[in-house]
1. Can you confirm whether Ala25 is surrounded by fewer than 15 Cβ atoms within 10 Å (Cβ to Cβ) and at pLDDT below 50?
2. Considering every residue within the stretch 682-703, establish whether at least one is in a loop (DSSP other than H, G, I, E, B) and closer than 25 Å to Met486 by Cβ.
3. With respect to the numbered conditions (1) more than 24 Å from the chain's Cα centre (by Cα); (2) surrounded by 21 or more Cβ atoms within 10 Å (Cβ to Cβ), which one is the sole condition not fulfilled by Val702?
4. Using the structure shown, decide if Asn67 is open to solvent by less than 50 Å² (accessible area, probe 1.4 Å), modelled with pLDDT of 85 or more and under 24 Å from Val184 (Cα atoms).
5. Of the residues Glu580, Glu558, Glu575, only one is touching a residue at least 60 places away in the same chain (Cβ under 8 Å), open to solvent by 30 Å² or more (accessible area, probe 1.4 Å) and of a type in the set (Asp, Glu); which?
6. Only residues that are closer than 19 Å to Ala70 by Cβ and either surrounded by 15 or more Cβ atoms within 10 Å (Cβ to Cβ) or modelled with pLDDT under 90 (or both): list them for the stretch 100-121, please.
7. Does Lys810 count as more than 30 Å from Ile508 (Cα to Cα), among the charged types (D, E, K, R), open to solvent by 60 Å² or more (accessible area, probe 1.4 Å) and at pLDDT 85 or above?
8. Could you please let me know if Glu310 is acidic (Asp, Glu), modelled with pLDDT of 85 or more and open to solvent by 100 Å² or more (accessible area, probe 1.4 Å)?
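The values are calculated or read from the model by the stated rules, or taken from the named source; none is laboratory data. Keep in mind it's a predicted model, so treat the numbers as computed, not measured. Glycine gets a Cβ as well: all are built from the backbone with ideal geometry, and neighbour counts include every protein chain shown. Side chains are part of the model used for accessible areas, which takes the heavy atoms of the whole protein and leaves out ligands, DNA and RNA. Shrake-Rupley method; radii C 1.70, N 1.55, O 1.52, S 1.80 Å.
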Amino acid sequence: MGTGAADGSRGARRWLPWLGLCFWAAGAAAARGADGSEILPDSIPSAPGTLPHFIEEPEDAYIIKSNPIALRCKARPAMQIFFKCNGEWVHQNEHVSEESLDESSGLKVREVFINVTRQQVEDFHGPEDYWCQCVAWSHLGTSKSRKASVRIAYLRKNFEQDPQGREVPIEGMIVLHCRPPEGVPAAEVEWLKNEEPIDSEQDENIDTRADHNLIIRQARLSDSGNYTCMAANIVAKRRSLSATVVVYVDGSWEVWSEWSVCSPECEHLRIRECTAPPPRNGGKFCEGLSQESENCTDGLCILDKKPLHEIKPQSIENASDIALYSGLGAAVVAVAVLVIGVTLYRRSHSDYGVDVIDSSALTGNSLLLNPAMQPDLTVSRTYSGPICLQDPLDKELMTESSLFNPLSDIKVKVQSSFMVSLGVSERAEYHGKNHSGTFPHGNNRGFSTIHPRNKTPYVQNLSSLPTRTELRTTGVFGHLGGRLVMPNTGVSLLIPHGAIPEENSWEIYMSINQGEPSLQSDGSEVLLSPEVTCGPPDMLVTTPFALTIPHCADVSSEHWNIHLKKRTQQGKWEEVMSVEDESTSCYCLLDPFACHVLLDSFGTYALTGEPITDCAVKQLKVAVFGCMSCNSLDYNLRVYCVDNTPCAFQEVVSDERHQGGQLLEEPKLLHFKGNTFSLQISVLDIPPFLWRIKPFTACQEVPFSRVWSSNRQPLHCAFSLERYTPTTTQLSCKICIRQLKGHEQILQVQTSILESERETITFFAQEDSTFPAQTGPKAFKIPYSIRQRICATFDTPNAKGKDWQMLAQKNSINRNLSYFATQSSPSAVILNLWEARHQQDGDLDSLACALEEIGRTHTKLSNITEAQIDDADFNYSRQNGL
């Protein structure tokens, strides 16, 4: 349309309300009586001489997702009401009006409303927000309502500032800062403590009104816990990272007791205890001595009936010699007993398995003294450290004290070079006990050497850790079908052509649960895939759609029994089918890394596996990330072992981006057997003159159950390395991840700790950057015209057996063929399955070869030119009225 035509259209739109009033005036003149008096018809909503008064004016509104909003106006008396948006009159056909009678005044009331869509708001580019107002007419004139703004509501995912953990003394002030994500309308903030809402009105000591911050005026012991900032508006809710608050109490000495009576050794003593108050939650232990002694006779004590100062020094020396030789004799006896005991113990436990070889933890000093000395690789040490966690922790927790604290289920095994030289393997096991402390504390506060401070481990409550709810994507699909892809997750949905009736369209969504799995495994059953939801649940399709779900099982019918499960509306999970079963309700095709499912109803689905033998294997993806510590000399390594599904690794990447971590080596695949043996992670070949690792942390061990059933947060172990000098910027070492009596993988770390010199390693493949929603013919690899010819050829039964069953067989579909027999076009469903399996490669050559082998066609699909494809798509579009 030309410029003049457009201006004319806007002009007609601008004068449309006035033309309406002119038509009304002409009708009113024609209705005058013979005596010249005016006869008011029923449709006249006003009395002459009265300006319209607005009873209801349009309110500010927000568009949520793609749902339009309605703006309303109500006035009396009014002949007409029209909306004007952004200075332009809204077309009369877009108004919906109603009339009523105000019984109190006898005046007609007119109510009008219009709909505003998301597209209208997005297409408006003005200096202010999209706005609308009402204009009402009466005999006397016009009245205008207030302007109502219309905005698109949203809430971004990331908080501008997450709360940070604090350690404060009792009665100190606690301030936790929170800046919620940007959103329209602005998000409201709520604070949680240990997952319970905080009500500041019931606790005068807590204030949550100050700019979204949480203020505790005087800290109490009961204020220790995990705090989370929740932000919400009309669109969504967001959850910050949890901040751990520790309220500690420093110990103080009681007053000295009275002096005791004088002992035969001519001394008396007094004591005091650290109980006023005792240290709590990692507070400092009391400083100074807990007991004192002094001579109680002013040097006049009598020993063996002689004054103390007359006793000969030789007698004292003889007594000291006796004590010395007695001590040496006892030490020799103790060593002999220890050697015999350890030898017997090692023989009784000789079938434990081979330990991780690493002698750097305890022989590092000897290497520094004698550079020519090589590490003794015959010495074996296996350490299970305290930081094999199932969720990321603050960098502040990676302190020396936390590295030395054993967890309750950790075994520490040490073989010393001294015992090896004697030909005896020493194996000392230390079983940690459960401790009551649950909060971290730094190691900057000293304690008395008489009463060493209890180094309580920090075990964070996993239920209070920040969790992501879901990944989600949407698209609008119609009769032409299309493909919905969740980038970087391996999850996709194929809507075939014709699955949605003509002239219908649906907004289809797909999401992945990233929180606590709702599917609780029974017995030996394990979750092998993410929980994937597609909807809307009430949508009906005329032909099956294809849902692709990644899994982490090493596929083998001899070792696994794999099931497809669906969550009911009541939240329970029920089995849909076993992958190897015959069924006419759905079809499962299990590929090495994904399962393609043909379904006719939307819902939440997941794959579970029941190992049949100990040879059942889960595929794990192992990766190492690194970042600088708060201490400028320290560098942290975090080694992850997660299920080999793209969505599980994407969760790791998200966590590491938040912590500033960098991928140091391309991730590798580890086959983890269901043989009940644990996983060991070791740091090897650390440059001895440049770096050192803190003692007892070179090797960490993770129990089998935590790896095999790790369906929650990403499992990782952390190692802390320290530079000798700040000039060291290069790090090289090896990470060994292996299962006892199983497989192993080596990650070679060769990196610079400086970001400007570090080489970037990509996380995901290039194909994951495509658009999540593709609609119409372009979403499919096989052109529609070719697809139609294939279906017409192979759907027809053939005496030689060259029909859809042969097509299925040539495409490696050899079981449950009764499912395709129930379909109106078996060939079309087989091709839909082919599209789902080849969405990444689009290997038309393989399909062409299969067709040529059948002998029904000699057309090689890969040779079809782009012009032929475009022409076929154009003809198809023209046939369907597009």
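1. yes
2. No, the stretch 682-703 contains no residue that is in a loop (DSSP other than H, G, I, E, B) and closer than 25 Å to Met486 by Cβ.
3. Only one criterion in (1) more than 24 Å from the chain's Cα centre (by Cα); (2) surrounded by 21 or more Cβ atoms within 10 Å (Cβ to Cβ) is unmet by Val702, namely (1).
4. No, not satisfied.
5. Going through Glu580, Glu558, Glu575 in turn, the sole match is Glu580.
6. Ser100, Val109, Arg110, Glu111, Val112, Phe113, Ile114, Val116, Arg118, Gln120, Val121, listed by residue number.
7. yes
8. No, not satisfied.
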